[in-house]
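Enquirer: Following this message is one structure expressed as structure tokens.
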Amino acid sequence: MSEAEETDSGPPWQLRSIVIAGGGTAGWMAASYLAKRLEGRNVRITVIESSAIGTVGVGEATVPGIRDFLRVLDVTEHEVMAATQGTAKLGIEFVDWKHPGTRFFHPFGLYGMRSRGVAFHHYVRKLRQAGHEIDIGDYCLATAMARRNLFMQPTDRPVHDLLYFDWALHFDAALFARFLRAKAMEWGVSHLDATITCVRTDETSGHIRALDTDRGETVAGDFFIDCTGFRALLIGEALGIPYEEWTNLLPCDRAVAVPCVRREALTPYTRSTALSAGWQWRIPLRHRVGNGYVYASRHLSDDEATATLLARLEGEALAEPNAIRFRTGRRSAFWHRNCVALGLAAGFMEPLESTSITLIQTGLEKLLGLLPDRRFDPALEDEYNRTTALEYERIRDFLILHYVANTRRGEPMWDRCRSTALPPMLANKLRLYKARGHLVRYDWESFQDPSWISMYEGFDIQPVTYDLAADHFSEADLAAALDRMRSSIADAVDLAEPHETYLNVLYR
């Protein structure tokens, strides 16, 4: 392939070509999304991906936003699930995080119903202060279904909040990338199977001009997307954007992953189990279970982590353990000159809340909203970097809460986590909630109020008091109302079917 020829159509500053360095989930999400959104715009899209280079490929759990991404591509969840051995996900079960023997659920759904402008958790607090024992999970349809391994499609227009829930997907990440690659190429994306050997930059502007490959081609482009993983070949090595580490806030820096045969139930949720130096994930797929141990190397050796994970598998291992080293954090800039980084090239958050694919997706959404022409107005770059930095920091703070709120005693990693100095905005969130159950929402929060409530409840973080407007209802009236809510949810759960039955029908 020679240097790209420019088309004569459109103004001279029109963006004509986008080159995506690297494939995998990030590269093919970018290629398929851009191909669909830029259809008819005469923008040439090329992916350079070497089949000789492996991908990390452990991200198999998503959040509900993935379904918005699929809608943009005009593909259904069922089409993706069939192609990727997928299963449904109603949320995440957290086992032993508060301390051994405890568990709680982070659902994709709401808790109870608001009344007279007062959030449900204030009424729960009022009744608890009066001596009532209340499990807030009883008032969330997603949680109620997950506890019984049930699933059903949510209705488009629930008649009230009690019937609202959402869902996401578990899938084989390699199969998902393969599915997207086929779609992208069908939509006109060019694929070059090659290794990038040199990043050519312009001496005057500092912009990337072209990429050389081991096949002798020089691939020129107007705009480049770095999906080269932890190496960050374009944004890091070529453009020199440094990496900001957050290892002082989040303790884990390594993971070992291995798939196994499934012996347990085909649960409609991800499971995260706290262990002595980190946590273990369990992601159920149709053909296997994805497992991993995310851990802090200062508290556990690689060999010990691998042995621990293998000993805890529910079935026979299906591959050799895959060791992954990482640095939690982000690039100091995600967009620099004519290059945007996505996926691991942009930053890394441990997969505790399944945010890796979300950050790729929201990065693409922001990029389309700010897509430059060949004049590259720096205002667009600045806004992308500002909002993406906020998004990373808000996710970081939510993950930190999982660690600092533990009450596991006598384990060095967990003891150290409780003494972590909190970022100011997280500290403010906690102060306000503890004072009177006030929930504050910052710009670019990925996790909304119900998610924070699930963490506060799971770690037994309780407000001193409740919103005084909750006193409009008497204790007896509130107790009766909660009984009716619980009954309504039970009726809705009766309409669901076993998750495995749902999938058997889907795959028939």
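The values are calculated or read from the model by the stated rules, or taken from the named source; none is laboratory data. Computed from a predicted structure; not experimentally measured. Here Cβ is always computed from backbone atoms with ideal geometry, including for glycine, and neighbour counts include all displayed protein chains.
Enquirer: Within region 252-279, how many residues turn out to be part of a loop (DSSP other than H, G, I, E, B) and touching a Cys at 6+ places or on another chain (Cβ under 6 Å)?
Expert: The total comes to 0.
Enquirer: If you don't mind, there's one more thing I want to ask. Tell me, which residue of region 282-304 that is in contact with a Lys or Arg (Cβ under 7 Å, 6 or more places away or on another chain) and surrounded by 23 or more Cβ atoms within 10 Å (Cβ to Cβ) is farthest from E93 (Cα to Cα)?
Expert: Per the stated criteria, the residue is Y295.
Enquirer: Determine which single condition V219 fails, assuming it passes every other condition in (1) within 22 Å of I283 (Cα to Cα); (2) in contact with a strand residue (DSSP E or B) (Cβ under 8 Å, 6 or more places away or on another chain).
Expert: (1)
Enquirer: Next question, about the same structure. Determine, yes or no, whether F171 is farther than 21 Å from A469 by Cα, touching a residue at least 12 places away in the same chain (Cβ under 8 Å) and in contact with a Cys (Cβ under 8 Å, 6 or more places away or on another chain).
Expert: So F171 does not fit the description; no.
Conditions tested, residue by residue: (1) at positive phi; (2) in contact with a Ser or Thr (Cβ under 8 Å, 6 or more places away or on another chain).
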site: V43; (1), (2): no, yes
site: L70; (1), (2): no, yes
site: L73; (1), (2): no, yes
site: T76; (1), (2): no, no
site: V80; (1), (2): no, no
site: T87; (1), (2): no, no
site: G91; (1), (2): yes, yes
site: T102; (1), (2): no, no
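Enquirer: Out of all the residues in region 320-328, is one or more in contact (Cβ under 8 Å) with a residue 24 or more places away in the chain, crowded, with 24+ Cβ neighbours inside 10 Å and under 30 Å from T387 (Cβ atoms)?
Expert: Initial filter on region 320-328 (in contact (Cβ under 8 Å) with a residue 24 or more places away in the chain): 320-328.
Now restrict to residues that are crowded, with 24+ Cβ neighbours inside 10 Å: none.
No, region 320-328 contains no residue that is in contact (Cβ under 8 Å) with a residue 24 or more places away in the chain, crowded, with 24+ Cβ neighbours inside 10 Å and under 30 Å from T387 (Cβ atoms).
Enquirer: Here's a follow-up. Cβ-Cβ under 7 Å, sequence separation 6+ or interchain: first residue in region 66-92 and closer than 13 Å to W167 by Cα, partner among the basic types (K, R) and in a helix (DSSP H, G or I). Which pairs?
Expert: Hits for this filter: E77/R67.
Enquirer: Oh, and also: How many residues, within region 439-498, are surrounded by 13 or more Cβ atoms within 10 Å (Cβ to Cβ), acidic (D, E) and within 27 Å of L426 (Cβ to Cβ)?
Expert: Number of matching residues: 4.
Enquirer: Mind checking which helices (runs of 4 or more DSSP H) fall wholly inside region 383-493 and carry at least 3 residues that are touching a helix residue (DSSP H, G or I) at 6+ places or on another chain (Cβ under 7 Å) and over 30 Å from P242 (Cβ atoms)?
Expert: Of the helices (runs of 4 or more DSSP H) lying wholly inside region 383-493, those with at least 3 residues that are touching a helix residue (DSSP H, G or I) at 6+ places or on another chain (Cβ under 7 Å) and over 30 Å from P242 (Cβ atoms) span 449-458, 475-493.
Enquirer: What tally of residues in region 415-437 results from selecting those that are free of Cβ contacts under 8 Å to residues at least 24 places away in the same chain, over 22 Å from A389 (Cα atoms) and not hydroxyl-bearing (S, T, Y)?
Expert: Summing the residues that are free of Cβ contacts under 8 Å to residues at least 24 places away in the same chain, over 22 Å from A389 (Cα atoms) and not hydroxyl-bearing (S, T, Y) in region 415-437 gives 4.
Enquirer: Still on this structure: Of all residues in region 365-382, which are assigned to a helix (DSSP H, G or I) and not small (G, A, S)?
Expert: Selection gives E365, K366, L367, L368, P378, L380, E381, D382.
Enquirer: Please work out which residue is farthest from A26 (Cα to Cα), limiting yourself to region 198-236 and to residues that are charged (D, E, K, R) and touching a Lys or Arg at 6+ places or on another chain (Cβ under 7 Å). Quick ask: steps written out before the conclusion?
Expert: Going residue by residue through region 198-236, those that are charged (D, E, K, R) are 200, 202-203, 209, 212, 214-215, 217, 222, 226, 231.
Among the residues that remain, those that are also touching a Lys or Arg at 6+ places or on another chain (Cβ under 7 Å) are: 200, 202, 209, 212, 222.
Numbers: R200: 22, D202: 26, R209: 22, D212: 21, D222: 20 Å.
That would be D202.
Enquirer: If the requirement is being under 30 Å from D214 (Cβ atoms) and touching a residue at least 24 places away in the same chain (Cβ under 8 Å), which of these qualifies: G188, G137?
Expert: G188
Enquirer: May I ask you to verify whether G27 is surrounded by 24 or more Cβ atoms within 10 Å (Cβ to Cβ), at positive phi and either of a type outside the set (F, W, Y) or modelled with pLDDT of 95 or more (or both)?
Expert: No: the conditions fail for G27.
Enquirer: Just one of G343, G329 is farther than 13 Å from L399 by Cβ, modelled with pLDDT of 95 or more and not hydroxyl-bearing (S, T, Y); which is it?
Expert: G343
Enquirer: Another question, then. One residue is enough: does region 121-138 have a residue meeting the conditions aromatic (F, W, Y) and in the same structural domain as L478 (by TED's automatic domain parsing)?
Expert: Yes, region 121-138 contains at least one residue that is aromatic (F, W, Y) and in the same structural domain as L478 (by TED's automatic domain parsing).
Enquirer: Hey, another quick one. Return the pairs, sorted by first residue and then second, in which the second residue is surrounded by fewer than 18 Cβ atoms within 10 Å (Cβ to Cβ) and aliphatic (A, V, I, L, M), the first residue lies in region 297-310 and is within 18 Å of W414 (Cβ to Cβ), the beta carbons are less than 9 Å apart, and the residues are 6+ apart or on different chains.
Expert: Listed by first residue and then by second, the contacts come to A305/A323.
Enquirer: May I pose another question? Give the residue, chosen from A220, A184, A210, that is of a type in the set (G, A, S) and over 22 Å from D373 (Cβ atoms).
Expert: Going through A220, A184, A210 in turn, just one is of a type in the set (G, A, S) and over 22 Å from D373 (Cβ atoms): A184.
Enquirer: Please go through region 144-172 and give me each residue that is part of a loop (DSSP other than H, G, I, E, B), out of contact with any Leu (no Cβ under 9 Å at 6 or more places or on another chain) and within 21 Å of T267 (Cβ to Cβ), ordered by number.
Expert: R148, Q153
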